[in-house]
Amino acid sequence: MYRYTDFDRHFVHQRAAQYRDQLERHLRGQLGADEFRPLRLQNGWYVQRHAPMLRVAVPYGELSSRQLRQLARIAREFDVVREGPFAGQGGYGHFTTRQNLQYNWIALKNSAEVMDLLAAVDMHGIQTSGNCIRNITSDAFAGIAPDEIVDPRPYCEILRQWSTLHPEFAFLPRKFKIAVSGAEEDRAAILWHDIGLQLRKNEAGEVGFEVFVGGGMGRTPIIASRIAAFVPWQQILVYIEAIVRVYNLYGRRDNLYKARIKILVKAEGQKYFDAVNAEFAALLAEQPSLIPEAELARVSACFEMPEGVKPEASVPQDTSDTAFARWLSRNVHGHRVAGYRAVTLSLKRVGIAPGDCTAEVMEAAASLAEQYSQGELRVTHRQNLVLPWVREADLPALFQAARAAGFATPNAGRLTDQIACPGGDFCALANARSLPLAAEIAERYQDLDEVEDLGDIDLHISGCINSCGHHHSGHIGVLGVDKDGTEWYQLTLGGSDGSRLSGTAQAGKVVGPSFAADEIADAVEAVLDTFKTERQAGERFIETLRRVGHEPFKLAANAVRTSTARA
């Protein structure tokens, strides 16, 4: 993991002190709500439906057990409502699809103290909100994946440092998201981002980036377009600067919904590309911000294998225990170091919202990381945790410990490993609740044999058009919409995040009119029943859907309508 320098640590502590001063002036009435709003947003503090919400940055998803224990402390001591109509709520964090952690119940008056606690373990909420370059995301298996071309983490860290409080990019037309992948398979959904970066090596073995621009979900889902086939790694900051400069200059500021770079790229096409490349050439002709070899070497040294990790002989596993065998096949993943595996700790449990993690659960995960994974964890965009450094010899013991702590549900990539945003239960932007639907589907499909039989399915649920639940990229996607103050849900089929299973990134297609809240779970079940009827031997859901088309699934979903049934 990246090791903070004295400068890094001083920077974060100074930022926390600055926020404390701003908060105190606001609470004294010396700083009005409108003046305070951009200041709190720059540090990750929102005002949500019931209480403030804090978004904590977990850069490129990498987290230490020490940091996770501090997050647990914050959940226990500060994310709890002590009095009023919501007394007893809280005590947990929510891992998001962008590898962040959110708290929903921290009182604003305590926010400065929380910022100090985060700074004490080299964490913060800087640029997790606002119209700036947000948290840099990456492959949760970066640095350990067998199919990795180049480890993206050092480049992610350099990007993070470069973009943090960059004066030119602090007030962009809209929020701006960057994802980086260094493997053959795209596990970071890079084509769904404002900028997607794919690390490559050319014929000479030199490292560079294939650059994509203009992707995004939301009201208008658009897949990013390739703007550059190969940018040498030394020049990538310059190229990104050119992209963001042109966007900053020409991006719409008069219309919130048309302000994202995807709209500019779609409207201007080659004209935008030409402007970026002209700006890139001009910047290179000046004194460009090339990444020095020494700086890459310094940062890369932080991501070397942990001390004590060395190749070992493979250890055959006794799979006579069905539960252990199933866990091995679903939640245990390949590794670039012989004798090691990466292990998914499932946060998907009946009765608990996807991604939610109580203080006790966080501490249990931290203990597993300390005992079995060199004190390191990863946050995935599927809202789970990963232990990246597990010895094969330790897998049986880890399974027992994970099962005792509730982490061993063998459903990674399956139907019940669903993605869902907090939705209308918490978010002030949401049109409908997403968590009750996620809970109902989890309740209906508790039979592990049935879930196993259904195979790999990406089910994604968003409570509003902002698409925090990534519904556009789900094989089955659900979007909450509002009609005259009532919750309704659109059903989409055939989306893809760009992974090997799903194929080229694309948005799902809407299945007819919206469903009422009491119909949508039945519609999802009807779609799954149709899959079981239509599939061929060994065929996965997305493969069957593409082979037979949407019509059989659409007819099945519409057949279960009750309140929205048409005569």
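Looking only at the stretch 120-134, decide whether some residue is touching a residue at least 12 places away in the same chain (Cβ under 8 Å), in contact with a His (Cβ under 6 Å, 6 or more places away or on another chain) and of a type outside the set (Ser, Thr, Tyr). Taking every residue of the stretch 120-134 in turn, none turns out to be touching a residue at least 12 places away in the same chain (Cβ under 8 Å), in contact with a His (Cβ under 6 Å, 6 or more places away or on another chain) and of a type outside the set (Ser, Thr, Tyr).
Of all the listed residues (414, 403), the sole one being of a type in the set (Lys, Arg), over 22 Å from residue 518 (Cα atoms), crowded, with 22+ Cβ neighbours inside 10 Å and out of contact with any Phe, Trp or Tyr (no Cβ under 7 Å at 6 or more places or on another chain) is 414.
Considering the stretch 535-552, and only residues there that are under 19 Å from residue 414 (Cα atoms) and free of Cβ contacts under 8 Å to residues at least 24 places away in the same chain, the residue that is least open to solvent (accessible area, probe 1.4 Å) turns out to be 544.
In the set 229, 204, which member is in contact with a strand residue (DSSP E or B) (Cβ under 9 Å, 6 or more places away or on another chain), closer than 23 Å to residue 148 by Cα and either basic (Lys, Arg) or without any contact (Cβ under 8 Å) to a residue 60 or more places away in the chain (or both)? Walk me through how you get there before you give the answer.
On the way: 204 fails: in contact with a strand residue (DSSP E or B) (Cβ under 9 Å, 6 or more places away or on another chain).
The unique qualifying residue is 229.
If you go through the stretch 68-83 and pick out every residue that is open to solvent by less than 20 Å² (accessible area, probe 1.4 Å), farther than 30 Å from residue 473 by Cα and in a helix (DSSP H, G or I), you end up with 3.
Only helices (runs of 4 or more DSSP H) whose full extent lies in the stretch 228-335 are considered here, and the ones with at least 1 residues that are open to solvent by less than 60 Å² (accessible area, probe 1.4 Å), farther than 30 Å from residue 466 by Cβ and of a type in the set (A, V, I, L, M, F, W, C) are 236-250, 270-285, 293-301, 322-331. Provide a single number: the residues in the stretch 270-291 that are in contact (Cβ under 8 Å) with a residue 24 or more places away in the chain and of a type outside the set (A, V, I, L, M). Number satisfying all stated conditions: 7. From 99, 48, grab the single residue that is among the polar types (S, T, N, Q), within 26 Å of residue 418 (Cβ to Cβ), in contact (Cβ under 8 Å) with a residue 24 or more places away in the chain and touching a His at 6+ places or on another chain (Cβ under 8 Å). Within the list 99, 48, the selection yields 99. Confirm whether residue 346 is out of contact with any Gly (no Cβ under 8 Å at 6 or more places or on another chain), modelled with pLDDT of 95 or more and crowded, with 18+ Cβ neighbours inside 10 Å. Against the criterion (out of contact with any Gly (no Cβ under 8 Å at 6 or more places or on another chain), modelled with pLDDT of 95 or more and crowded, with 18+ Cβ neighbours inside 10 Å), residue 346 qualifies.
Rundown of residues vs (1) at pLDDT 95 or above; (2) hydrophobic (A, V, I, L, M, F, W, C); (3) surrounded by 23 or more Cβ atoms within 10 Å (Cβ to Cβ), yes/no style:
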site: 360; (1), (2), (3): yes, no, no
site: 365; (1), (2), (3): yes, yes, yes
site: 376; (1), (2), (3): yes, no, no
site: 388; (1), (2), (3): yes, no, yes
site: 392; (1), (2), (3): yes, no, no
site: 395; (1), (2), (3): yes, yes, no
site: 409; (1), (2), (3): yes, no, yes
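Of all residues in the stretch 116-152, exactly one satisfies the criterion of being of a type in the set (S, T, N, Q) and more than 20 Å from residue 95 (Cβ to Cβ), namely 131. Here 60, 2 are screened, and the one residue that is touching a Lys or Arg at 6+ places or on another chain (Cβ under 9 Å), of a type outside the set (Val, Ile, Thr), open to solvent by 10 Å² or more (accessible area, probe 1.4 Å) and assigned to a helix (DSSP H, G or I) is 60. Of all residues in the stretch 437-466, those that are surrounded by fewer than 22 Cβ atoms within 10 Å (Cβ to Cβ) have Cβ atoms under 6 Å from Cβ atoms of residues that are of a type in the set (Phe, Trp, Tyr), 6 or more apart or on another chain, in 451/445. Summed over the stretch 28-45, the residues that are closer than 15 Å to residue 112 by Cα and either in contact (Cβ under 8 Å) with a residue 40 or more places away in the chain or of a type in the set (S, T, N, Q) (or both) give a count of 6.
Among the residues of the stretch 260-303, just one is among the hydroxyl-bearing types (Ser, Thr, Tyr), at pLDDT 95 or above and more than 21 Å from residue 175 (Cα to Cα), namely 300. Being modelled with pLDDT of 95 or more and open to solvent by 20 Å² or more (accessible area, probe 1.4 Å) is a property that holds for residue 205. Of the residues in the stretch 12-24, at least one is open to solvent by 60 Å² or more (accessible area, probe 1.4 Å), modelled with pLDDT of 95 or more, of a type in the set (S, T, N, Q) and farther than 30 Å from residue 307 by Cα.
Across the stretch 482-519, the qualifying residues are those that are of a type in the set (Val, Ile, Thr) and at pLDDT 95 or above, and the one among them that is least open to solvent (accessible area, probe 1.4 Å) is 492.
Residues being touching a Ser or Thr at 6+ places or on another chain (Cβ under 9 Å), polar (S, T, N, Q) and under 23 Å from residue 471 (Cα atoms) are entirely absent from the stretch 362-375. Residue 419 - would you say it is touching a residue at least 24 places away in the same chain (Cβ under 8 Å) and among the β-branched types (Val, Ile, Thr)? Yes.
The values are calculated or read from the model by the stated rules, or taken from the named source; none is laboratory data. Owing to the predicted nature of the structure, the values given are computational and were not obtained by experimental measurement. For neighbour counting, all protein chains shown are included, and Cβ atoms are generated from backbone atoms with ideal geometry for every residue, glycine included. Accessible surface areas use protein heavy atoms only, side chains included; no ligands, DNA or RNA. Shrake-Rupley method; radii C 1.70, N 1.55, O 1.52, S 1.80 Å.
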